[in-house]
Structure formats: C-alpha cells, structure tokens
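Participant: Take a look at the following structure, please.
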C-alpha cells in the first residue's frame, strides 16, 4: 500500500487507479449514508477522491491510511450537503435531560437495513446520526464540525432515533424481506453483528 501511496504522491495515474479501486467500496459505503441517492453518492465519492489525491502528500504514514481517507470523504459529504443542514438554535437537549436508553431494537436489525432507514431521515438528523452512531464522532466533535452546540447535536440524535423507530414500525408490514426507502434497496440478509451507538452517550 505504501508503494501505491508514493505513486499517488508522484501523480502516477496507475497508482491513483489502484488506490481508487482498493477503497471504492469503503468510500461508497460512507457516501451512501449521507447521500440522497446513488448518483449523488457517486458524485460525492469522486469529489472525495479528488481531495485525497490533491492532499495525499499531507498524509502521515505513521497513522492508518484508511481512517485518513475516510475522514476526507466524510468531510466532503458534509460539505456537499451543508446548505441543506438546517438546525434550530432553540432545538437543544442539555446534559441534564434524558436522551433515552439504548435502542436495542437497532442492534437486532441487519446493519444494511438500518442504513437504508437512515436515508429517509431529514438531512440534519441523518448527518448527526451518521457522525455519532456510525462514524464514531463525539457530540463535542460534531458541534465543532457542524458549527452547532453540543445540545443541538444531542437533540438531533434523539429526534433521529425517534424517526428511525417510526420508520421501523411502518416497515413491519413489508413481506418481501426488502426495505425500499429514498431510492435505495437493500436485501435483509446481513447478520446483525454490527453494534450501533444510538443511546446518545459516548
């Protein structure tokens, strides 16, 4: 991998292709969580890789490359949808308010099914949920990244969980084993081994 990275630093097209091919699925999985549909996800991914290639000489080889690339793609997705992220300044949840216990129902779902449900969330809820529950950001990090308060981050996570529960309940009548939401279709066959942090605490 280091040889490929060094080739990308030299602007070698074959090295760039190999890097793109190696991390395409990983990057696309990130983009699909934030995107409205697959076409948008592909656009975000391509823009993200352009930033990776442009800034790859800044990569610190002492740190995991995958995490570095993932952060760039995540930030690219957030920038792409930043204009649609509308947060109310009065929409906050303080540390002294109850954000609810762990939503065990999510842990019992197939991971891909949960991601499809996430696509139906409003942009602000979807972004906070992705950053906290899937990408592992703390509320403090989210507040800095999105320029919102910690309380607003917590509130949006709380409301995202409520929306997900509503969508989960409404999908109970689906008999085919597939869930169709917002231009995505995912088969319900991935084992529920991925644990999602949805209790508002990190």
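Every read-out reported here was derived from the displayed coordinates using simple, explicitly stated rules and does not represent laboratory data. It should be emphasised that the depicted structure is a prediction, and the values quoted were computed from it without experimental measurement. Note: ideal-geometry Cβ built from the backbone for every residue, glycine included; neighbour counts use all protein chains shown.
Participant: Checking the a/c ratio against 1.5 first, then a/b against b/c, what shape does the Cα gyration tensor give for the range 25-86?
Facilitator: Values: a/c = 2.14, a/b = 1.84, b/c = 1.16.
Here the range 25-86 falls in the prolate category.
Participant: I need 26, 20, 34, 137 ordered by Cβ neighbour count within 10 Å, fewest first.
Facilitator: Neighbour counts put them in this order, fewest first: 26, 20, 137, 34.
Participant: Normalised by the number of residues in the range 2-84, what is the relative contact order in percent for Cα pairs under 8 Å and 6+ residues apart?
Facilitator: Working: 59 pairs, mean separation 25.6, N = 83.
Result for the range 2-84 is 31 percent.
Participant: In nm, to one decimal, how far is the residue 147 label point from the residue 58 one, both placed 7 Å along Cα→Cβ?
Facilitator: 1.8 nm
Participant: Measuring from label point to label point, each 7 Å out along Cα→Cβ, what is the residue 169 to residue 26 span in nm?
Facilitator: According to this spin-label approximation, the distance is 3.9 nm.
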